[in-house]
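S.K.: Just passing along the structure, written as structure tokens.
The values are calculated or read from the model by the stated rules, or taken from the named source; none is laboratory data. Computed from a prediction, not measured in an experiment: that's the story for all the values here. Cβ placement follows ideal geometry from the backbone for every residue including glycine, while neighbour counts extend to all protein chains displayed. Just so you know, the surface numbers come from the protein's heavy atoms only, side chains and all, with ligands and any DNA or RNA stripped out. Shrake-Rupley method; radii C 1.70, N 1.55, O 1.52, S 1.80 Å.
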Amino acid sequence: MVAMLPMTQAMAQSSFPCLIDPARVAALLGPLSERFTIEALAECSSTSTLLLERAQQGAVSGSLLVADRQTAGRGRRGRHWLSSPAAGLTFSLLWRFSGALARLSGLSLAVGLAVARALEHSGASGVGLKWPNDILLDGGKVGGILIELESSPGGMLAVIGIGLNLQLPPAGEEEFLHPPAALAQTLSPLPDRHCLLAAVLNELAVVLDRFDQVGFSGLRSAWQAHHAWQQRPVRLLDGGRIQGEGLCLGADDDGALLLQTPAGIERCLSGDLSLRVA
Ligand code: BTN
């Protein structure tokens, strides 16, 4: 579904033409397009910030905001996310779930699986997943996921923000916790961004339906098959402080990270993971 919406403040302020055409994405999706309401912006502060506001005003499940440029793109843990039309694909999707917050544990891992599958279907090789929600390409970070949850009448809403690097971000502009990677490393020519977005939405529809029915447990083995650091020594960091160290056993049925430590198996619910160099 393509929304014919009035010009928003974000669009009015922009001086760039919008390079994503929602009708083209909808055409690529075919009948599945009925499940999405796609709006493209040339520029906005952050697709997730805008979509959260719209969600609070009653936007329907499946609302999608894609922006060529974000002036205040947000990453996890207060980090910034750089975006420009030639270098990336940045969008946010609103999905509504019935039930309580506990039902949504592992959602970010499920979304990562959908993105990884979409990149593979687009021809990328070397795609992996790092807990909790980084998309890796040959060990570098090619994409990130930011999920924001709120309770809403009758259940929960999730604003799922996804950023993918088509080209490497400019060096030195940001202090990268993880070395960046770009799809251009593995795909030549690069897929058209409309095709890439449609591929991700196709996979998201499948994965989110499964997640809604059975939770992360139904996707766990597929996630684990993509898990780049399975059975490898890792460190769990919290703001630079080491929170735990051990052998990475993957994710539990609820998405918690499992670490084999000398004291036994530990379950970790948040933090930044880094490979521990032997
Ligand atoms: C991370 O830190 O790895 C998550 C990055 C998520 C970035 C995306 S880009 C689209 C959406 N809008 C935002 O402001 N952030 C997310």
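S.K.: Among the residues of the stretch 99-145, what is the count of those that are part of a strand (DSSP E or B), touching a residue at least 60 places away in the same chain (Cβ under 8 Å) and not β-branched (Val, Ile, Thr)?
M.R.: The number of residues fulfilling the criteria is 5.
S.K.: So, one more: For the stretch 246-263, give me each residue that is open to solvent by 70 Å² or more (accessible area, probe 1.4 Å) and either in a strand (DSSP E or B) or not acidic (Asp, Glu) (or both).
M.R.: GLN260, PRO262, ALA263
S.K.: Being surrounded by 15 or more Cβ atoms within 10 Å (Cβ to Cβ) and out of contact with any Ser or Thr (no Cβ under 8 Å at 6 or more places or on another chain) is the requirement here; does ALA181 meet it?
M.R.: Taking the combined requirement at face value, the residue satisfies it.
S.K.: Further question on the same structure: Within the stretch 203-211, can one find any residue that is open to solvent by 40 Å² or more (accessible area, probe 1.4 Å) and not in a helix (DSSP H, G or I)?
M.R.: The answer is no, given that none of the residues of the stretch 203-211 is open to solvent by 40 Å² or more (accessible area, probe 1.4 Å) and not in a helix (DSSP H, G or I).
S.K.: Another question about this same structure. Only one of ALA42, ALA114 is farther than 30 Å from GLY240 by Cβ, of a type outside the set (Ser, Thr, Tyr), more than 14 Å from the ligand (Cβ to nearest atom) and within 15 Å of the chain's Cα centre (by Cα); which?
M.R.: Working: ALA42 fails: within 15 Å of the chain's Cα centre (by Cα).
Checking each option against the conditions leaves just ALA114.
S.K.: Another question, if that's okay. Just name the residue that is least open to solvent (accessible area, probe 1.4 Å) out of those in the stretch 46-81 that are within 14 Å of the ligand (Cβ to nearest atom) and farther than 22 Å from SER108 by Cβ.
M.R.: By that ranking, first place goes to ASP68.
S.K.: Mind checking which residues of the stretch 99-111 are open to solvent by less than 20 Å² (accessible area, probe 1.4 Å) and within 15 Å of the ligand (Cβ to nearest atom)?
M.R.: Of everything in the stretch 99-111, those that are open to solvent by less than 20 Å² (accessible area, probe 1.4 Å) and within 15 Å of the ligand (Cβ to nearest atom) turn out to be LEU107, LEU109, VAL111.
S.K.: Hey, can you tell me all the residues within the stretch 83-98 that are assigned to a loop (DSSP other than H, G, I, E, B) and more than 9 Å from the ligand (Cβ to nearest atom)?
M.R.: Across the stretch 83-98, the qualifying residues are SER84, PRO85, ALA86, ALA87.
S.K.: Right, next: Looking at PRO189, is it assigned by TED's automatic domain parsing to the domain that holds ILE38, open to solvent by 70 Å² or more (accessible area, probe 1.4 Å), under 28 Å from ALA26 (Cα atoms) and of a type outside the set (D, E, K, R)?
M.R.: Details: assigned by TED's automatic domain parsing to the domain that holds ILE38: yes; open to solvent by 70 Å² or more (accessible area, probe 1.4 Å): yes; under 28 Å from ALA26 (Cα atoms): yes; of a type outside the set (D, E, K, R): yes.
Considered against the rule, which asks whether it is assigned by TED's automatic domain parsing to the domain that holds ILE38, open to solvent by 70 Å² or more (accessible area, probe 1.4 Å), under 28 Å from ALA26 (Cα atoms) and of a type outside the set (D, E, K, R), PRO189 comes out as yes.
S.K.: Same structure again: Any idea which residue in the stretch 124-159 is nearest to the ligand (Cβ to nearest atom), counting only those that are of a type outside the set (A, V, I, L, M, F, W, C) and touching an Asp or Glu at 6+ places or on another chain (Cβ under 8 Å)?
M.R.: Keep residues of the stretch 124-159 that are of a type outside the set (A, V, I, L, M, F, W, C), which gives 125-126, 128, 130, 132-134, 138-141, 143-144, 148, 150-155.
Restricting the remaining residues to those that are touching an Asp or Glu at 6+ places or on another chain (Cβ under 8 Å) gives 126, 141, 143-144.
Working: GLY126: 18, LYS141: 7, GLY143: 8, GLY144: 2 Å.
This residue is GLY144.
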